[in-house]
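Since the structure comes first, as structure tokens, the remarks are kept for the end.
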Amino acid sequence: MTARSAWGAWIGIAVVGLGLAGCAATGRRVKETWTGGDRPPESPFPTRAALETLGPAPSEEQMSSLDMAAVEKWDLAGPFPERIGVVPAAYRGGFGGELVTFAQQRKGRLLASADMACVARESGRFLLDRDTLPPGGLQRHIGGRCGSPGVRHRVLSLSGEVPERATEEDVLAHWKDGFAKLMGKIPGGPETRAAGVWFGHRGKKAIIALAVADLEVDLETLAFAPAADGTVAVTGALVNQSGRLEALVTRGRTQYAVCEADPATKLPRFSFRCPVNHGDPSAWVSLFVFPPDQVLGTVAVDLLVFPQGKGSSTYARPVLRAPPGAPEEAGARFASLLNGLRAEQGLAPLALSEGESRVATKIAPHYFASMFGLAPKAVADTVALGMLAGWEVEQVTRGAYFSDWVGSGDVGSLLAEMLETPGARRTLFEPHVRAMAFGTFRLPSRGVLGALVTTYAPFEEQPQGAEARQVMDALNKARAEKGLGPAKLVALPADTRTEMDEALARGGSARDALQVVMQRAVNLTSRNVQGSVVQAGMLEKLPFPEELLRRPQLVVFVAVTHYKPRWSPWGLYVIALAYTEQVGQTA
């Protein structure tokens, strides 16, 4: 709008992207995957050629709207909601009253909520004081402390000069049209959103901060403190999504735990119990949604809880100091710091993949341009899937995890902030991963440092029969859940796997490998047997055929190998099972 007299104002819009991973001042997303199930009809991963066709990276000038101010400490003003969740905001006229009226016109698709009023206030206070929005870690703390269950937060602002003694009603009278235009920038459509507004005034400077977040779940309100049993109950229903759900929670300095899902609760409803560590002053809980037949998952809820029952209003930027002699190069330095933390948990170190890290560095600008709305959204998905594919990783991969982050400072500061999120902890501390790709995006003039981090789990040789026993453990667990006793495992000759590998190498399918196992079982029993083959990226959670889960008595012959299909950059386990009910008839 045009500046006039002492009432001049301008509209500023900032995507504060609490993103898919929670609160962040510059927008970020965590995407994760693990293989499982049968072969997909086509590979979900982009080819090497597809990654090359992204074109030239955006210039620093094109990304000049990005900014990242480092803040070591900041005190929030409060007051804060007593519970986490969406409840109506109590506005009395002013800009809040205008927002309530506007939300009513959206017919339930936009809610003026107390949590977002809190987010608007705390973000606006920082904007009024620093002339910029809070950086990622602080913004995430604001969203969590305000009890917001939303994702992809945006802060839109209206600011300018006003008479020093002007009241909110005076400012509204002059800025009403500008505020209406600001509210009009809140996206419409079928998605449900929550919003809050705050008016701040210091001297002649006035600011209106309008905070908006997407609601992907209808979350039942919950306390900031855990229950007496030390768990946090996360219950609700998906709003516009479907698919597989899982939840993670931070524990201690670097660890995480998988929350337990209530098997009796069926989608679209969900119910998780997340075990927190009572010694932690705070913890984060993230709920991930994996849409049907999709490799990528996104964060639908990111919650801050206080295991000791006492909430904090002070944000302190986490610190991770590099030991003397740490490498200077960014990727090597990040790997050195991370491997030191993994060693504290007794985990194997990660080898930095130089080839895949070069790819990550090349395509990282495209990813962040997409995340900041400077390139199509599909570009970010292509980059994430390309990193998960790991075409240049030196080992055959059976699964991968992907995380991103935007911050300021060096890679040590970036790693320290990543450790605040459960999803990033899983990427960095998953026990099975052995390799890592690390690529950075920098805007030195703006203090911006972004990173793409992907970790890869390879196939590892195990003692003879160990993998077959893992399969049987998973099978018997599934049978027990149906009230059946354990199946009996019968060992196959040691050269069975070699013959399976030869069948696969000849260009055959997994069914050819199954025929090898079935013939071996027939040779041992002199009886007819049935068989089934499963392809998967892990052995712990296998999609067993229903036949194996309903027969009260079962003798099973199992052989496991792995190979890399032509349609996938990842390898797959091939689990061949031959079975019969005739106990005692085996040789």
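What the table shows:
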read-out: Count of region 531-543 residues which are open to solvent by 20 Å² or more (accessible area, probe 1.4 Å) and β-branched (Val, Ile, Thr); value: 1
read-out: From the options 83, 145, residue that is charged (D, E, K, R), closer than 18 Å to residue 285 by Cβ and buried (at least 24 other Cβ atoms within 10 Å of the Cβ); value: 145
read-out: Any hit, region 544-552, residues being crowded, with 22+ Cβ neighbours inside 10 Å and closer than 18 Å to residue 467 by Cβ; value: no
read-out: Region 250-279, residues that are touching a strand residue (DSSP E or B) at 6+ places or on another chain (Cβ under 7 Å) and either charged (D, E, K, R) or over 28 Å from residue 340 (Cα atoms) (or both); value: 251, 260, 261, 262, 265, 267, 268, 269, 270, 271, 272, 273
read-out: Residues of region 328-357 satisfying the condition of being touching a residue at least 40 places away in the same chain (Cβ under 8 Å), open to solvent by 40 Å² or more (accessible area, probe 1.4 Å) and in a helix (DSSP H, G or I); value: 333, 344
read-out: Scope region 209-226; condition in a strand (DSSP E or B) and either without any contact (Cβ under 8 Å) to a residue 12 or more places away in the chain or of a type in the set (D, E, K, R) (or both); matching residues; value: 214, 218
read-out: Region 227-277, subset part of a strand (DSSP E or B) and hydroxyl-bearing (Ser, Thr, Tyr), residue least open to solvent (accessible area, probe 1.4 Å); value: 250
read-out: Where residue 138 falls short, out of the listed (1) closer than 15 Å to residue 96 by Cβ; (2) in contact with a Cys (Cβ under 9 Å, 6 or more places away or on another chain); value: (1)
read-out: Some residue of region 480-493 being open to solvent by less than 50 Å² (accessible area, probe 1.4 Å), in contact with a Leu (Cβ under 6 Å, 6 or more places away or on another chain) and touching a residue at least 24 places away in the same chain (Cβ under 8 Å); value: yes
read-out: Some residue of region 90-107 being over 25 Å from residue 160 (Cβ atoms), in contact (Cβ under 8 Å) with a residue 24 or more places away in the chain, open to solvent by 10 Å² or more (accessible area, probe 1.4 Å) and among the aliphatic types (A, V, I, L, M); value: yes
read-out: Boolean, residue 165 is in a helix (DSSP H, G or I), open to solvent by 10 Å² or more (accessible area, probe 1.4 Å) and out of contact with any Leu (no Cβ under 8 Å at 6 or more places or on another chain); value: no
read-out: Region 33-55 residues that are farther than 24 Å from residue 455 by Cβ and of a type in the set (Val, Ile, Thr), paired with ones that are at pLDDT 50 or above and not in a helix (DSSP H, G or I) (beta carbon under 6 Å, 6 or more apart); value: none
read-out: Breaking point among (1) farther than 25 Å from residue 538 by Cβ; (2) open to solvent by less than 10 Å² (accessible area, probe 1.4 Å); (3) not in a helix (DSSP H, G or I), for residue 367; value: (3)
read-out: Selection count, region 304-315, where residues are surrounded by 14 or more Cβ atoms within 10 Å (Cβ to Cβ) and farther than 14 Å from residue 283 by Cα; value: 1
read-out: Top-ranked residue of region 394-421 - restricted to ones that are in contact with a Pro (Cβ under 8 Å, 6 or more places away or on another chain) and of a type in the set (A, V, I, L, M), ranked as surrounded by the most Cβ atoms within 10 Å (Cβ to Cβ); value: 419
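The values are calculated or read from the model by the stated rules, or taken from the named source; none is laboratory data. Here the structure is a predicted model, which is why all the values come from computation and not from measurement. FYI the Cβ positions are ideal-geometry reconstructions off the backbone, even for glycines, and counts take in every protein chain you see. Please note that ligands, DNA and RNA were not included when accessible areas were found on the heavy atoms of the full protein model with its side chains. Shrake-Rupley method; radii C 1.70, N 1.55, O 1.52, S 1.80 Å.
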